[in-house]
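Read through the structure below, which is laid out as structure tokens, and then see the notes.
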Amino acid sequence: MGIPDDILLADAAGRIPSGMSLEYLAESRDRPAIVGIIFLVCFTGLIMIVRLYARIWLVKKLGLDDVLAILTMMIYITFVVLSLVLIDLGSGRHMDYIQYVLSMPTVRQTEVLDFVAHVLYTTALFFCRLSGLAFYHRLAARSSKLHLAIKIAAGFLFAAYLPQLFLLIFHCRPVTGLWPYPWQEEPISYNCLTWGLVYSVNSGVSLTCDVLMFIIPTILIKELHVSMKRKAQLSLVMFPGVLVIVISAVRVYFVAVGQWADDGSWAYDPMMVIENAEIAGTLIALSVPALKPVFGNIFTHLTEYTLSTRNRSNMKSQSKPTSGIKSRARDSKRLLSWSKHGYEDYEMMSSETNIPPSGPVQSTEPGSPGNKSIGVTTEVSIFHGQQEADQRHIV
């Protein structure tokens, strides 16, 4: 492994103590962290694009939850940029590298950027959770108790966000964006809380909020009057938040290592990946239900194609069409989408059925044949809002 130029220059300037291995200082886990962060933001961006496509072009309505999710994504992208800059500056290298190789202006720059990044991180999670509550509020349109619970949860999230934000802003007296290391000399004497203490408290509060966000969909699904099988299917959609809870718990571990381990900065890169994964995971978990119109339409088209192919095959194999084939083919064209207001909108196409008579039917028209089939065409239209149904029977 080659020794980077910055380490060679620091060694030539006499800043590196004698006996310290240059190979040790050159060790880096930056590349895997950068790849992981870029993958997370790209995948989350793709999910958000599909979500917005479903809401704008299929459902044709943006809700408050969608607006908050877009705001979260914008903050998340800014956090990703700062994460990559911090890693590139060397924040995730060994502590000896930061102390002996990095210049003091660079060290100060990393401290300020880390401060700004974690204000954005905390804010992104706050807006993302509010987006989830707005989504749950829309689903629980008919439950006043759940509405009250969601409002209480929103108040709790806001009450939890403020201490997290104030701990970050006022971590030092006088107020500064710096977070001086014990060996760092500054012209002003700062009285600061330890980095690990502030981040541990914030991580614990964040974990509590993630658990709260998991409880609400549990109550929603429990109150549904559907079969256990259907509830299990809904749980698979609503409970990716379990992964977010695991990620949040892992972050607590890396924060503890970063503060109380001898080489705490070595855990910085994995911690940044975990923090990016927490925002990305929360956004994805809350976006999965909104993807149903997209995949529902795909499955509908596949079903229509399969039924159409099967019906054509059956018609070719029989000399006369059997009763009900047209009905099955036409009734398969039903489109189901997520409701704009918590209900479901159906659009049913007209269906036709050929009914052979059980006995001869004598026509009253002169010159008509004695036996004829009865053709029934039924059209049903169900509109959202004003309930209107027109049914025509043509004999």
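The values are calculated or read from the model by the stated rules, or taken from the named source; none is laboratory data. Everything quoted here is computed from the prediction, not taken from an experiment. Note: ideal-geometry Cβ built from the backbone for every residue, glycine included; neighbour counts use all protein chains shown.
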*Looking only at segment 240-247, decide whether some residue is buried (at least 20 other Cβ atoms within 10 Å of the Cβ), under 15 Å from the mean Cα position of the chain (by Cα) and not aliphatic (A, V, I, L, M).*
yes
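Can you tell me which residue among 308, 327 is among the hydroxyl-bearing types (Ser, Thr, Tyr), modelled with pLDDT under 75, touching a strand residue (DSSP E or B) at 6+ places or on another chain (Cβ under 6 Å) and assigned to a helix (DSSP H, G or I)? Write out each step before concluding.
Details: 308 fails: touching a strand residue (DSSP E or B) at 6+ places or on another chain (Cβ under 6 Å).
Step by step, each of 308, 327 is checked, and only 327 is among the hydroxyl-bearing types (Ser, Thr, Tyr), modelled with pLDDT under 75, touching a strand residue (DSSP E or B) at 6+ places or on another chain (Cβ under 6 Å) and assigned to a helix (DSSP H, G or I).
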*Residue ID - surrounded by the fewest Cβ atoms within 10 Å (Cβ to Cβ), chosen from residues in segment 214-239 that are in contact with a Leu (Cβ under 8 Å, 6 or more places away or on another chain) and over 19 Å from residue 292 (Cα atoms)*: 223
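In segment 18-44, which residues are small (Gly, Ala, Ser) and part of a helix (DSSP H, G or I)? Before you say what the answer is, go through the steps one by one.
Here is the first cut: in segment 18-44, the ones small (Gly, Ala, Ser) are 18-19, 21, 26, 28, 33, 36.
Those that are small (Gly, Ala, Ser) and part of a helix (DSSP H, G or I): 26, 33, 36.
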*Based on what the data block shows, is residue 247 modelled with pLDDT of 80 or more, in a helix (DSSP H, G or I) and farther than 20 Å from residue 91 by Cβ?*
yes
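Could you tell me whether segment 218-238 includes any residue that is closer than 25 Å to residue 261 by Cβ, within 25 Å of the chain's Cα centre (by Cα) and part of a helix (DSSP H, G or I)?
Filtering segment 218-238 for residues closer than 25 Å to residue 261 by Cβ gives none.
The answer is no, given that none of the residues of segment 218-238 is closer than 25 Å to residue 261 by Cβ, within 25 Å of the chain's Cα centre (by Cα) and part of a helix (DSSP H, G or I).
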*Only one of (1) surrounded by fewer than 17 Cβ atoms within 10 Å (Cβ to Cβ); (2) modelled with pLDDT of 90 or more; (3) within 21 Å of residue 65 (Cβ to Cβ) fails for residue 142. Which number is that?*
(2)
